[in-house]
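Below is one structure; the comments refer to it alone.
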Amino acid sequence: MRDETRLLHTAVDEQPFNALTPAVHRGSTIVFPTVESFLARHTQFYDGYSYGLYGHPASRNLATQIAALEGGARSLIVPSGMAAIMVTNLALLRAGDHVLLPDAVYGPSRSSAEKFMSGLGVDATFYDPLIGAGITALMRPNTKLVWVELPASFTMEVQDLPAIAKAAHAHGALVAADGTWASPLGFKALHHGADIAVQALSKHIGGHSDLLLGSATVASEELYRRIKDASRFLGLGVSPDDCFLALRGLGTLAARLERQSTAALKIAERIAEHPSVARVLYPPLPGDPGHAIWQRDFRGASGVFSVVLQPRDDRHLSTFIEQLRLFRIGASWGGLHSLVAPVQLEGARTVSPWREEGPLVRFSIGLEHPDDLLEDIELGLDRYGFHREAAAE
């Protein structure tokens, strides 16, 4: 055997190697032992391996874990949370169909409905996220899908999923729920009436701000095949390395969420009393408008909450955020490091206008010591309030 050939045909050691971590198989091409098995490879599309784009051991492993956490029949792993939203839309909606979305929905999801799905002939209606069973009035004969987000990722409204699902199902529509805020540990959408549960695995489940993945979990094999088919036609595949990182994140998810949500509640309770704060938006707070539904439907929380500051001009808001020592400015959440993000809602809502006068800021609490984070925020609020009082004088 010549060297050039030997380089490609090195013997593989197939002795068992048992470790606590899953193996990572990198490969685009799946090889088959016989012509017959090769010609029948497409029969493996839903449950086996036919080509690397359509699944590999790491993605199958992660999908199995997520399905079990969500309490669903099957999960599909896709490249991002937004990909999970779009593959659901494209699998379930056709020209002439109608979809309902909450007015506080994730911004890119709103944009996709207005600028992309509309071009495919799908009509979207936005509804008050607190509509509950009243969504019946918005249902049409061609309404095929209703989206919910629990809670809204900036304004933290907690939707009544059981009431919405009951109304949607009575009119023959499916319900898709984005439950990324609390992860499947804190909220199991399928148990409360949703047909599809979507997660941005990049956030809590990844847990380290170093991967992009999403999942769509369904209650039936038929729905799984519809969404899996759409992912094939869209060419959606995921990296085994990213799936490995998500599997690693699952191992510490419960410990991280417990610490982050405990710290967030402590911080939220304290800063709610600060004179620079008009409102704290965090469903676990007893005074939060969504607290009763959160208590009823959720098993846990997360470290993500928003704060409405007393009115002040944008210059002082920027100073408040930029002078925080321990919070990085970023749009995501669920990682080890604490984040802060200013929220701009102008023009983002059309049905339920945001009526708070002061600026809105979202915090994601990481794994730093909660007292250090609290001191950092309180010092920033003191500075913000000092500037406000000085201007009033």
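The values are calculated or read from the model by the stated rules, or taken from the named source; none is laboratory data. Only a predicted model underlies this, so the values are computations on that prediction, with no experimental measurement involved. No Cβ is skipped: glycine too gets one built from the backbone with ideal geometry, and neighbour counts run over all protein chains shown.
Assorted remarks:
- Restricting the first member to segment 126-143 and to residues that are farther than 26 Å from residue 108 by Cβ, and the second to residues that are small (Gly, Ala, Ser) and at pLDDT 95 or above, the beta-carbon pairs closer than 6 Å and six or more apart or on different chains are 133/163; 133/167; 136/167.
- Any hit, segment 338-361, residues being in contact (Cβ under 8 Å) with a residue 12 or more places away in the chain and at positive phi: no
- Pair list, Cβ under 6 Å, 6 or more apart: segment 76-104 residue in contact (Cβ under 8 Å) with a residue 60 or more places away in the chain, other residue in a helix (DSSP H, G or I) and among the basic types (Lys, Arg): 76/228; 91/226
- If you go through segment 277-305 and keep only what is under 15 Å from residue 154 (Cβ atoms) and of a type in the set (A, V, I, L, M, F, W, C), you end up with 280, 281, 304, 305.
- Among the residues of segment 167-208, just one is under 18 Å from residue 129 (Cβ atoms) and either free of Cβ contacts under 8 Å to residues at least 24 places away in the same chain or of a type in the set (Asp, Glu) (or both), namely 178.
- Residue that is surrounded by the most Cβ atoms within 10 Å (Cβ to Cβ) [pool: residues in segment 321-343 that are closer than 21 Å to residue 203 by Cα and polar (S, T, N, Q)]: 338
- Segment 88-109 - residue that is in a helix (DSSP H, G or I) and out of contact with any Lys or Arg (no Cβ under 9 Å at 6 or more places or on another chain) and, of those, farthest from residue 226 (Cα to Cα): 107
- Scanning segment 348-366 for residues that are surrounded by fewer than 18 Cβ atoms within 10 Å (Cβ to Cβ) and not hydroxyl-bearing (Ser, Thr, Tyr) yields 348, 351, 353, 354, 355, 356, 357, 358.
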